[in-house]
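The values are calculated or read from the model by the stated rules, or taken from the named source; none is laboratory data. Fair warning: this is a prediction, and the values are worked out from it, not measured in the lab. Heads up, the Cβs are rebuilt from the backbone with ideal geometry, glycines too, and the neighbour counts pull from every protein chain shown. We work out accessible area using only protein heavy atoms, side chains counted, and drop any ligands, DNA or RNA first. Shrake-Rupley method; radii C 1.70, N 1.55, O 1.52, S 1.80 Å.
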Amino acid sequence: MSRLIVVSNRTPGKGPAAGGLAVALRKTLSEREGFWFGWSGRLTEHPEREARFEDIDGLSVAQIDLTRDDHHDYYAGFSNSILWPSFHLRLDLATIEAHWYEGYRRVNVQFARALLPLLKPDDVIWVHDYHLIPLASELRNLGARNRIGFYLHIPFPTSDALYAIPHHNDLMRDLSRYDLVGMQAKRDVAAFTEFADHQSPSSLSGNPLKSVDFSRTEVDSFPIGSDPDAFARLSVSPAATKMVKRMERVLREQKLILGVDRLDYSKGLPQRVEAYEKLLANNARFRRHVHMLQVAPPSRDTIKEYQETSDALDAMCGRVMGRFAEPDWQPLTYVKRAYGQPSLAGLYRLAKVALVTPLRDGMNLVAHEYVGSQNPKDPGVLVLSRFAGAAEIFDGAIEVNPFDTDETAEALRIALDMPLDERIARWTSLMEAAREHNVDAWAARFLDRLAPATTAGSGTRDILYLASVA
């Protein structure tokens, strides 16, 4: 029986995993023989070529180090200053530096060279996310003939945005080296297919670029999820109940509106607070009767665009406080730190409305977690951006255009006024979808499609994972 190997941008740290995907990968790997491979988090002037192994919470983890320059070019540079904004259709925020692409390729080559000696011929490889798009090409250039799949956790860009990315044709050719490419949503598959059908325009010199052959690559949507039943249990755990009681003492009879996001410009946080401001301005009856809590721990705060988003959100929250706060009532709380899953589950359960309004998102697991944490007898309401992948599966949400803050403000009013029977009906539909698209089912669907047919005498094959845990 072949092994399961996880390879990621970052390897797992000690202690409980924070994200749903990291939890799922730990669970999947723990059920199979194998190891997890990726960057150690260490920067050194002269990295060793071979990976070193360490036992981390019962998992065998193989790690490599990176140089400071390579990590900057690969991660902060090409991955997060070019690919991330472009894939989220924020070309105005993309910073183009030609040498970043060289660092991006170098790190993928380093990953491939360190991984190849650890592979066996019947291992099956699954690569996750935009940091590692070239990995299949680099492995195949070194002679690997394994089945290799790729899963993109962020949205796939439109053709126009894709054409703006330096070396986009090389990246698409890299994707063509995979046997299976998975996307979060049907809209992403459609964008990918549009490029594959029409290919790239001519270059500046007038020479047409060579077409990319996708005939051996299968592309489909595999919506990721969380574990809604686990969040249902977690939401009534002692730690969650402690958080609920703390908040109830502060809120008293106020209804809680909750947002939970990384501090990222793709999440639409300033627009969300502006919509809340309009709710209070247009509906004076809600003042003193509602409270908004936005949890937004910083991410990639060394990148200029993220600092600007933080400044804009600070200013917006300050404006709302100055306009509506009273000596004995404040309209919102803004917290710039992360909370553990039990505390979040308690907040989810307490919240009468969840505002999940990214400007563009791959899936958004906060929507899944909120649904799983609700009290079935008195559930809250999910207000969801139509530009999140979750909108394709969550028909029971109130869907909004997050750029239209008037529309979002009206959705908030409808959610706060919604009668119990409608809230229960909507939540029942949402919970059914969350269970159908839970994280275990997502992994099983993808791996079933990726796994090769069993050959005579080979037995059942296990799966090899490559994942980005950024």
Does ARG413 satisfy being open to solvent by 50 Å² or more (accessible area, probe 1.4 Å), more than 25 Å from GLY182 (Cβ to Cβ) and more than 20 Å from the chain's Cα centre (by Cα)?
-> yes
Checked pairs for segment 420-434, first within 18 Å of ALA391 (Cβ to Cβ) and among the aromatic types (Phe, Trp, Tyr), second in a helix (DSSP H, G or I) and open to solvent by less than 70 Å² (accessible area, probe 1.4 Å), C-beta under 9 Å and 6 or more apart or across chains, list as TRP427/VAL371
Matching residues in segment 265-312 - criterion: being in a loop (DSSP other than H, G, I, E, B), in contact (Cβ under 8 Å) with a residue 40 or more places away in the chain and over 20 Å from GLN341 (Cα atoms) | GLY268, ASN283, ARG287, ARG288, ARG300, THR302, ILE303
Residue count, segment 150-180 (criterion: assigned to a helix (DSSP H, G or I) and under 15 Å from LEU135 (Cβ atoms)) | 6
If you scan segment 349-365, which residues turn out to be open to solvent by 10 Å² or more (accessible area, probe 1.4 Å) and farther than 15 Å from ALA433 by Cβ?
-> ARG349, LEU350, LYS352, LEU359, ARG360, ASP361
So which residues in segment 62-93 are outside any helix (DSSP H, G or I) and surrounded by fewer than 19 Cβ atoms within 10 Å (Cβ to Cβ)?
-> THR67, LEU89, ARG90
If the Cβ limit is 7 Å and pairs must be 6+ apart or interchain, which residue in segment 57-72 that is within 26 Å of ALA98 (Cβ to Cβ) pairs with which residue that is in a strand (DSSP E or B) and among the small types (Gly, Ala, Ser)?
-> ILE64/SER40; ASP65/SER40
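Do we have MET243 as touching a Ser or Thr at 6+ places or on another chain (Cβ under 6 Å), buried (at least 16 other Cβ atoms within 10 Å of the Cβ) and touching a residue at least 24 places away in the same chain (Cβ under 8 Å) here?
When the stated conditions are applied, MET243 passes them.
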Residue check for GLN307: within 13 Å of LEU263 (Cα to Cα), at pLDDT below 95, out of contact with any strand residue (DSSP E or B) (no Cβ under 6 Å at 6 or more places or on another chain) and open to solvent by 10 Å² or more (accessible area, probe 1.4 Å) = yes
Do any residues in segment 26-38 that are modelled with pLDDT of 80 or more and crowded, with 16+ Cβ neighbours inside 10 Å have Cβ atoms under 6 Å from those of residues that are of a type in the set (A, V, I, L, M, F, W, C) and not in a strand (DSSP E or B), where the two are at least six apart or on different chains, and which pairs are they?
-> PHE37/LEU115
Residue match in segment 82-97 (condition: farther than 15 Å from GLU305 by Cα and without any contact (Cβ under 8 Å) to a residue 40 or more places away in the chain) | yes
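Restricting attention to segment 328-348, and to residues there that are open to solvent by less than 40 Å² (accessible area, probe 1.4 Å) and among the hydroxyl-bearing types (Ser, Thr, Tyr), which single residue is farthest from PRO155 (Cα to Cα)?
SER343
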A careful count of residues in segment 330-350 that are outside any loop (DSSP other than H, G, I, E, B) and of a type outside the set (Val, Ile, Thr) gives 12
Within segment 117-147, the count of residues that are open to solvent by 10 Å² or more (accessible area, probe 1.4 Å) and farther than 18 Å from ARG3 by Cβ comes to 6
Residue set PHE150, PHE111; condition buried (at least 23 other Cβ atoms within 10 Å of the Cβ), in contact with an Asp or Glu (Cβ under 8 Å, 6 or more places away or on another chain) and among the aromatic types (Phe, Trp, Tyr); output residue PHE111
ASP448 vs. criteria on the phi < 0 side of the Ramachandran plot, modelled with pLDDT under 95, acidic (Asp, Glu) and open to solvent by 10 Å² or more (accessible area, probe 1.4 Å) = yes
